[in-house]
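As structure tokens, the structure follows; a few thoughts come after it.
The values are calculated or read from the model by the stated rules, or taken from the named source; none is laboratory data. Fair warning: this is a prediction, and the values are worked out from it, not measured in the lab. FYI the Cβ positions are ideal-geometry reconstructions off the backbone, even for glycines, and counts take in every protein chain you see. The area values use the complete protein model at the heavy-atom level, side chains included, leaving out ligands, DNA and RNA. Shrake-Rupley method; radii C 1.70, N 1.55, O 1.52, S 1.80 Å.
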Amino acid sequence: MSGIRAQKAQLRAQILRTRGELAADEREAAATMLRERVRDLPAFTDEGAVAAYVSMGSEPGTGPLVEALRNAGTRVLLPVLLPDNDLDWAEYRGPDALVRTGRGMFEPTGPRLGPDAVAHTRLILLPGLAVDAHGVRLGRGGGSYDRALGRVLRAATHPALVVLLYAHEVIASVPREPHDHLVDAALTPRGVHRFRG
């Protein structure tokens, strides 16, 4: 394992430990605040599609946020994990139209829109474990979002890239590899941290 990959693995383990220590009421409060703060994002408008995801485990909760976007009339696209760890996309049609997969994730049951659908959104809400002051995002290491963001870059459509985190996960430095894409902002329960744009 390279030095940068080892540093990332160590940082991931540390953050996951800290997340695991959060009480259920802290996670619920964070999910509520994210729902309230999503409209503070500079790229937020009531028009166009938003790519989001269904949180799992100790991730900052996205359920209230995703449902609030849909109720406001926003078209929300959610990822569908493919066998090769790439992402397809489908429209979110409510909590009853989600199914738990063999990997423990919740995915939409509607028609698949294709991996390129993410490039035609105006805002992409990304999972992550940390971000630094330069917009370097630390993901879980599977590469799914690196591929999706590569498509967005090639399409040159320039949606806003925003990672959802707990406030203490905006940190001084995240190790960066050449394939890592920078994000524009982080949305935390305490507010928006802008890095670019």
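Table for the structure above
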quantity: Options 79, 108: the member that is touching a helix residue (DSSP H, G or I) at 6+ places or on another chain (Cβ under 9 Å), more than 12 Å from residue 148 (Cβ to Cβ) and touching a residue at least 24 places away in the same chain (Cβ under 8 Å); calculated: 108
quantity: Spans of strands (runs of 3 or more DSSP E) in the stretch 135-197 with at least 2 residues in contact with a Leu (Cβ under 6 Å, 6 or more places away or on another chain) and not basic (Lys, Arg); calculated: 160-164, 185-188
quantity: Some residue of the stretch 25-34 being open to solvent by 60 Å² or more (accessible area, probe 1.4 Å), more than 18 Å from the chain's Cα centre (by Cα) and of a type outside the set (S, T, N, Q); calculated: yes
quantity: Verdict on residue 38 being closer than 17 Å to residue 162 by Cβ, modelled with pLDDT under 95, of a type in the set (Val, Ile, Thr) and open to solvent by less than 10 Å² (accessible area, probe 1.4 Å); calculated: yes
quantity: Residue list for the stretch 147-197, filter: β-branched (Val, Ile, Thr) and either open to solvent by less than 20 Å² (accessible area, probe 1.4 Å) or touching a residue at least 60 places away in the same chain (Cβ under 8 Å) (or both); calculated: 152, 162, 163, 174, 183, 188, 192
quantity: Residue 137 being basic (Lys, Arg) and more than 22 Å from residue 62 (Cβ to Cβ); calculated: no
quantity: Residue check for residue 16: within 14 Å of residue 189 (Cβ to Cβ) and either among the aromatic types (Phe, Trp, Tyr) or assigned to a helix (DSSP H, G or I) (or both); calculated: no
quantity: Any hit, the stretch 67-77, residues being at pLDDT 95 or above and assigned to a strand (DSSP E or B); calculated: yes
